[in-house]
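Since every read-out is calculated from the coordinates, none of them should be taken as a lab result. Treat the numbers as computed from the prediction; the structure is a model and nothing was measured. When we count neighbours, we look across all protein chains shown, and the Cβ atoms used for this are built from the backbone with ideal geometry, even at glycine.
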Amino acid sequence: MLVRDVMQSKVVTITPRTTLAEAVGLARQRGIRHLPVLEGCELVGMVSDRDLKRAMPSPATGLRAHEVNDFLDRISVAEIMTRPVVTIGPMLPLEEAARLMVEEKISALPVIERGRLVGIVTETDVLALFVKAMGAGEPSSRLDVVLGEGPSALAEVVQAVEGAGVPISSIMSLASGAGVKEAMIRVATINPGPAIRALKAKGYAVRQTWRA
């Protein structure tokens, strides 16, 4: 799955001269949390809802309503936007976008192709795909299987589950915090009993099950 497959291609943008009041109003009206800042066609900054909240005057200042409005109209986006901006290309794997967001502690990435903004991918987009890929939300069960060190363990686990007549919706393998390799298997049934028995008969420990 590539970034282009999940990015939002219709992006609401602002300019460095957009006022804080305009940016706040636009974010609330459109229900969005990230506003790329363009100077012509060039991406020059990024404004998030966090930037907007930080720039808002605190109630402790004692400003009256008209004074707050005057303040919001005087401040431009150029004074609060984040720069330089971390971006990503549309043809990169989605996991690269997730890695960048985690490492940079950001929740959105503008998507740039040939120097132009073509979309935006957010943590919500990544999580939505993860939920879909893992089959959550559908009648199913999750099996967490300890694989051990055997080189063909994953293939054997898959064969055991399918051999028990239980269809697999998705599968993911990774190492736990203790360094133990595990497989998270989503099966398309709320009765995973046959799969569990088949796995145990092969000597595999099913650490826990979760049903939805």
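Tabulated data for the structure shown
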read-out: Residue exposure sequence - I168, I14 - by fewest surrounding Cβ within 10 Å; value: I168, I14
read-out: Computed log₁₀ I(q)/I(0) - Debye formula, equal Cα scatterers, no solvent, the stretch 165-209, q 0.16, 0.30 Å⁻¹; value: -0.46, -1.23
read-out: Within the stretch 3-130: Cβ-based charge dipole about Cα centre, in debye rounded to nearest 20 (Lys, Arg +1; Asp, Glu -1); value: 220 debye
read-out: Residues R114 and L26, FRET efficiency given R0 of 30 Å [Cβ-Cβ distance, rounded to 0.05]; value: 0.65
read-out: All lysines inside 29 Å of K105 as judged from Cα atoms, apart from same-chain residues fewer than 8 positions distant; value: K10, K53, K132, K181
read-out: Against the rule of thumb 2.2 N^0.38 Å, how large the Cα Rg of the chain comes out; value: 1.41
read-out: Lys, Arg +1 and Asp, Glu -1 on Cβ, resulting dipole of the stretch 100-212 about Cα centre, debye, nearest 20; value: 280 debye
read-out: Proxy reagent accessibility, fewest Cβ within 10 Å first, across R186, R4, R207; value: R207, R4, R186
read-out: The stretch 174-210 versus the stretch 87-145: alpha-carbon centroid distance in Å; value: 26 Å
read-out: Taking all pairs of distinct alpha-carbon atoms in the stretch 135-211, Kirkwood radius in angstrom; value: 12.2 Å
read-out: Aspartates and glutamates with Cα under 12 Å of K202, excluding same-chain neighbours fewer than 8 positions away; value: E156
read-out: Furthest towards positive pole of dipole, A55, P36, M7, structure part the stretch 3-130, Cβ charges; value: A55
read-out: Phi to ³J(HN,Hα) by Karplus 6.51 cos²θ - 1.76 cosθ + 1.60 over the stretch 169-175, Hz, x for Gly, Pro; value: 8, 7, 8, 9, 10, 6, 8
